Structures are given as C-alpha cells and as structure tokens.
Amino acid sequence: MLEIIIPESEEYDEETNLFTTYPERTLHLEHSLLSISKWESKWKIPYLDRSKQQKTYEQTIDYIRCMTLDKNVDPDIYHRIPDSELQKIQDYISDTMTATTFSNSGHSSSPIRNGRVTSELIYYWMSEYNIPYDICQKWHLNRLLTLINVCAVKNAPPKKMSNQAILNQNRKINAARRAKYHSRG
C-alpha cells in the first residue's frame, strides 16, 4: 500500500469569483488486480497494454481513483495531486515488490509475455495455478504476476537437451567414472 499526501491548497473559481481552500488530504493506494479490474471495466481496454501506448491524463487519474482504498473521496482531489506524488505513484506501480528474478534466457512458458493481458486472464491464471483470489487479488500486481510466472516456469515441461549438450554431459560422466575406477576405457 502506498500513502500519498495532497497538500492544502487554495484555488480561485472564476465563475463565482471566490477562493476555495482545500484541506490537506492523505490517500491510501493499492496497485492490485482489483484496481485493474475496476479500471478495465470502465475503459474497456487492457491496463497492461504491451504496445507501449501511453494512457491519457484522464485514464491515468482514473486509475489512481481505482487504486484508492479510502472512502468518500472528492473526485476533484485527484486533479490536485502534485507532480512529486504522481512520481511516487509511478515508482510504486513500477516496483517489483519481490526478490524473485528471472534469467534473461527467456521463458517461453511465461504467460505474461504473450498476447494481451487483461484482468480476466490474470484471474484465469490464478484459477489454473490454484492461487487464492481472496488474498492475492489485493497483492501488489507485480508480485502477483511474478507468482504466476513462477508457477508457469515450475509447471513447464523440462527443455530437451541438444545433441551437443548430451554428448558433453556423457563425456563428463565417462571421465568421472574412469577417474573413479582407474580405468582407461
């Protein structure tokens, strides 16, 4: 969970010719599968769009609204979030939230790297790998996606060895046996 602070501010309303003072407000945010589900149900596009197409300002602000755990938040407050807090939100969304890493050899069995990823697809993977919804849908999304990747890698059939790798392995085994039994052949 991330906590951001929107400082007190005063704004002038040209229609009413009045100044309005907004008190400081603290928001509690959660980048989770639940947040993405809410956002996708409104915008009808995948949040995890691999095409690198930038979200509009309104889509970004609306996602922050979907991440908000607090109740009864004035919708206008999201347009008063300072740039420094927006950067904190972006850093929080980008954080892996886990110590698990994957090698660069590429995981053909990794479901997340293939195709369009939507919240329903993530729920499907959770069902497929028996990951409990009630707990994990509130996890930081990157942590949940890492768990799904780990399940995919661990459940994938082992890769076949190349002929060259098999020959090299057999040479090493034979050399070890010759050394152990003091034989030449």
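The values are calculated or read from the model by the stated rules, or taken from the named source; none is laboratory data. What you see is a predicted model; the values in this text were computed from it and never measured. Cβ sites come from the backbone with ideal geometry, for glycine too, and all protein chains shown count toward neighbours.
Odds and ends about this structure:
- Listed by first and then second residue, the pairs linking a residue in region 14-26 that is in the same structural domain as Leu86 (by TED's automatic domain parsing) and within 21 Å of Arg65 (Cα to Cα) to a residue that is at pLDDT 90 or above and among the polar types (S, T, N, Q), with Cβ atoms under 6 Å apart and 6 or more places separating them unless they lie on different chains, are Tyr22/Ser9.
- Taken over region 127-140, residues that are in contact (Cβ under 8 Å) with a residue 40 or more places away in the chain and in a helix (DSSP H, G or I) amount to 1.
- Pairs meeting the criteria (first residue in region 151-179 and more than 30 Å from Tyr124 (Cα to Cα), second residue modelled with pLDDT under 85 and aliphatic (A, V, I, L, M), beta carbons under 9 Å, at least 6 apart or on different chains) are Gln169/Met161.
- Scope region 26-59; condition modelled with pLDDT under 95 and surrounded by 13 or more Cβ atoms within 10 Å (Cβ to Cβ); matching residues: Ile45, Pro46, Tyr47, Leu48, Asp49, Lys55
- Filtering region 41-92 to residues that are of a type in the set (Lys, Arg) and more than 27 Å from Glu120 (Cα to Cα) leaves Arg80, Lys88.
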